[in-house]
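The values are calculated or read from the model by the stated rules, or taken from the named source; none is laboratory data. Every value quoted in this text rests on a predicted model; they were computed, and no experiment measured them. Here the Cβ is made from the backbone with ideal geometry for all residues, glycine too, and neighbour counts use every protein chain on show. Heads up: the accessible areas ignore ligands, DNA and RNA and are worked out on the full protein's heavy atoms, side chains in. Shrake-Rupley method; radii C 1.70, N 1.55, O 1.52, S 1.80 Å.
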Amino acid sequence: STQSTWGDSITPMATHTSAATPATAVPPTATAEGETHEADAAAAEDVPLPRHSVAILAEIKRAQLAHGLRYADFLRYRHYCTRRIRRICKYIRLLHGRHRYQKRNLTPGMLTTQRGLMLPLYYAERAWSYGMQLRDDNTKGDARMRYHMIRRFRKAAFWGQKLHQFTLTCGDEATQKEARAYSAWQQGVFAFIRALWTEAFGLLLEARHLYAELGGGVPGPYQERVDELDQTFLRICLHNAPQLASPATAQVSAASSAAPVPISFEVEKPKQTTKAAAPKPVRAPKAEPKRMRVRKDPRTVVVEPPQPCKPLVFDIASNHLVFPSLETRKAKKGIFQSISNLFSWGGR
């Protein structure tokens, strides 16, 4: 058996020819099936593949915003990438068997359409989203989860390189340049996750220059990616590796310094001026009303002190109220005292 370009094992068919038949009379269809596939593949390699144009960054930005990354839901985006990969594989007939899995390698001959060229792109996006999901979930610093995250980013970098290789065969110049920038960005993120600041800075700086050339300074997805690289990745690399600073990175430093400063909840100290400001009078803090605590088992009840009542309005009291005289009050008191002595209520 021989191995064809599709990765399937082909069993050669037995051909029976008579001895009288000359060798030149055997038709090409009577040869082994594997040899026929090899001849077809060799002939296909000689035929130049069509060149396609794919806006890689615009495609992934559209997919990310529509499927979860607007709210940093990497799990939802990963599931979308899986479904998209399945649809593309069915479209280009890249199936892996019905009952038992059969590995079939992706070759440039399968990517004859623009839709097929997006297959390695979504392979890389699925691995990248899985790595970002593991990074967010690893809040306790689990070593095993970190190892799994690094493997996902390594796979994303691998498929980014594959995308660049495929575009060299079946992509136009703009697509090749954008695929190169995307590959450099994925490899730079992979080095950034492993804290390889020098390697990450070189790759991300290359991706930044390529995206800046593609964008041309016009607001859009390319300029957004350039700002993202300046304000996050490259800035952190320069902070952790100060020896990378050079005149070539002055533009990056200026762009990162012009980045919006994150909001801080700490109160900033006022700047000192040349003139001494007059001291402001210090006001005494207001005294809080005293409270009496009454101990009552099993809980404590807070009782407010009684407030003094307002006095009577003396003009109304003097003009409209009639107070009894002192003699009348004494006479009444004498009467009540005699009655109490009579019934023995008082005097004790």
Counted residues, the stretch 61-104 - those being touching a Gly at 6+ places or on another chain (Cβ under 6 Å) and in contact (Cβ under 8 Å) with a residue 24 or more places away in the chain: 3
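Restricting the search to the stretch 116-126, which residues are small (Gly, Ala, Ser) and crowded, with 23+ Cβ neighbours inside 10 Å?
124
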All positions within the stretch 231-243 that are part of a helix (DSSP H, G or I) and surrounded by fewer than 18 Cβ atoms within 10 Å (Cβ to Cβ): 231, 232, 235, 236, 239, 240, 242, 243
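Restricting attention to the stretch 194-217, does a residue exist that is at pLDDT below 65 and under 30 Å from residue 175 (Cα atoms)?
The answer is no, given that none of the residues of the stretch 194-217 is at pLDDT below 65 and under 30 Å from residue 175 (Cα atoms).
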List the pairs whose first member sits in the stretch 226-242 and is under 17 Å from residue 199 (Cβ atoms), whose second member is among the polar types (S, T, N, Q) and open to solvent by less than 60 Å² (accessible area, probe 1.4 Å), and whose Cβ atoms are under 6 Å apart, counting only residues at least 6 apart or on separate chains? 235/256
